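Rule-based calculations on the coordinates, nothing more; no lab input. All values derive from a computational prediction rather than experimental measurement. Cβ coordinates were reconstructed from backbone atoms using ideal geometry, including for glycine residues, and neighbour counts include every protein chain displayed.
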Ligand code: NAI
């Protein structure tokens with residue numbers, strides 16, 4: 001078997017973590033059970049470019065149970081858990097991912113999974129799809145799936161300019177993905193990453209969240225719960241107003257730069273904090289990013305303006321500026337929850353990855369009807385996923401009466 005990982009000897013440790021995560025994934029378990037019986041992916045190579053985590057390992061095994069031949073490479077150079085990569089290889093699933101790999105190795109690994117001529121590709125950030133539309137146009141695939149907001153934005157841009165040549169299922173757009181993974185998953189794990197890297201007490205700190213979308217709302221809410229004084233920076237007036245009515249201070253980036261102790265970017269946009277902001281920050285300000293790419297902070301300018309750099313803790317770098325101020329950067333400005341912690345807990349990845357598995361099945365079953373455009377999974381899938389998850393949490397679901405169904409579909413009954 002062809003693979004490229006860092007530490008095969010960690011397979012035992014990885015297997016334990018994969019098993020632990022699997023215990024918190026009841027929805028994926030139910031998909032897996034049906035897959036075992038029906039084998040809907042039989043004989044299809046599925047190439048995934050996802051964060052190599054214990055939750056992803058459970059998805060890979062579910063795909064294999066559905067009859068697929070899964071392969072995995074990393075969707076971020078810093079998010080690979082080397083023990084999980086080793087556990088998957090020991091399971092017979094090829095992985096091409098090494099934590100901390102450079103850009104050249106990252107793309108070598110993307111090409112390695114594509115060399116297996118996949119029928120379906122799975123992305124988190126659209127890197128596989130981008131290579132399929134540039135250097136590897138020779139490959140024909142049934143379709144692709146996309147996990148995150150930034151990837152969906154890239155793929156919609158491809159559809160808009162007529163470049164897109166394969167059907168894509170935007171898994172991020174399923175309600176049981178973005179309402180839970182982005183909100184609760186990013187909310188908790190982003191703070192987890194910052195806390196692991198700094199061991200700070202968040203209570204009483206001025207914590208700036210840049211971007212109040214699905215992820216930013218979760219980060220702000222969780223930071224508030226830990227006693228931080230949350231400040232929100234937004235460009236969308238509706239979301240900025242929502243933040244204000246949720247009880248947070250809303251400021252421009254300039255104002256927030258001077259006030260903040262900790263800064264978290266989560267916009268999916270480029271250079272939302274730049275040198276003009278770093279110039280206003282307090283000595284000891286901490287920067288972290290939880291948006292998909294490491295472009296939200298203008299790090300090239302920070303590095304150019306600093307007189308020295310040193311590692312002060314694991315996943316924490318300190319930049320010394322000419323005026324003596326120190327700016328701290330968590331996890332190189334890459335996804336802080338995956339770089340400095342373990343990513344989202346299995347409890348939410350359960351739903352995201354059930355949607356991924358069902359999206360692969362959807363592409364294969366409907367392959368003759370699908371066109372090169374962006375699809376979302378049918379609402380019934382969201383309802384199935386949330387019903388199983390709710391049941392696992394011990395929640396009961398109320399049912400409409402016949403009378404209520406008739407009332408809701410009629411118009412005659414008024415005051
Ligand atoms: P979203 O589109 O719901 O929210 C982004 C928000 O940022 C929007 O409200 C937008 O108006 C705002 N924004 C854009 N430019 C801005 C600027 N210059 N200043 C202030 N606000 C600005 O997107 P979502 O789902 O919250 O995702 C955000 C990013 O996080 C994406 O890159 C996504 O791929 C990534 N993501 C990361 C995860 C993680 O594990 N860390 C998990 C899920 C998504």
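Among 204, 143, 193, which one shows the highest mean-square fluctuation when the chain is modelled as a Gaussian network with alpha-carbon springs under 10 Å?
Of 204, 143, 193, the most mobile in the Gaussian network model is 204.
Binning every alpha carbon pair distance of segment 311-415 at 10 Å from zero, what are the percents per bin?
10, 21, 19, 22, 14, 8, 4, 1
Can you list, largest first and rounded to whole Å, the semi-axes you get for segment 56-204 by taking the square root of 5 times each eigenvalue of its Cα gyration tensor?
For segment 56-204, the ellipsoid semi-axes come out as 27, 21, 16 Å.
Report the Cα centroid-to-centroid distance between segment 276-290 and segment 307-355 in angstrom, as an integer.
14 Å
Would you mind ranking 278, 353 by Cβ crowding within 10 Å, fewest neighbours first? Walk me through the intermediate numbers first.
Details: 278 23, 353 28.
In increasing order of surrounding Cβ atoms, one gets 278, 353.
Relative to the compact globular guide of 2.2 N^0.38 Å, what is the alpha carbon radius of gyration of segment 367-410, as a ratio?
1.74
When only C-alpha pairs under 8 Å and at least 6 residues apart count, what is the relative contact order of the chain, in percent?
Relative contact order comes out at 17 percent.
Given R₀ = 35 Å, FRET efficiency for residue 135-residue 308 by Cβ-Cβ distance, to 0.05?
Using R0 = 35 Å, I get an efficiency of 0.35.
Using only the Cα atoms, what convex hull volume per residue in Å³ does the chain have?
Numbers: hull volume 73.1 nm³, N = 415.
Output value, Cα hull per residue: 176 Å³.
State the percent of C-alpha pairs, over all pairs in segment 1-82, separated by a distance greater than 17 angstrom.
Above the 17 Å cut-off, segment 1-82 has 51 percent of its Cα pairs.
For the chain, with a Gaussian network of springs between Cα atoms less than 10 Å apart, report the residue from 130, 265, 163 with the top mean-square fluctuation.
163
At R0 = 56 Å, how high is the FRET efficiency between residue 271 and residue 412 if r is their beta carbon distance? Nearest 0.05 is fine.
0.50
If the elastic network links every pair of Cα atoms under 10 Å, which of 328, 390, 377 fluctuates the most in the Gaussian network model of the chain?
Result for the chain, Cα springs under 10 Å: 390 fluctuates most.
Neighbour counts of other C-beta atoms within 10 Å: give me 282, 399, 177 arranged from fewest to most.
Lowest to highest Cβ neighbour count: 399, 282, 177.
Quick one: 296, 371, 146, fewest Cβ neighbours within 10 Å first, how do they rank?
Least crowded to most crowded, the residues run 371, 296, 146.
With just the Cα atoms defining each centre, how far is segment 62-102 from segment 395-415? Give it in Å.
Result: 48 Å between the Cα centres.
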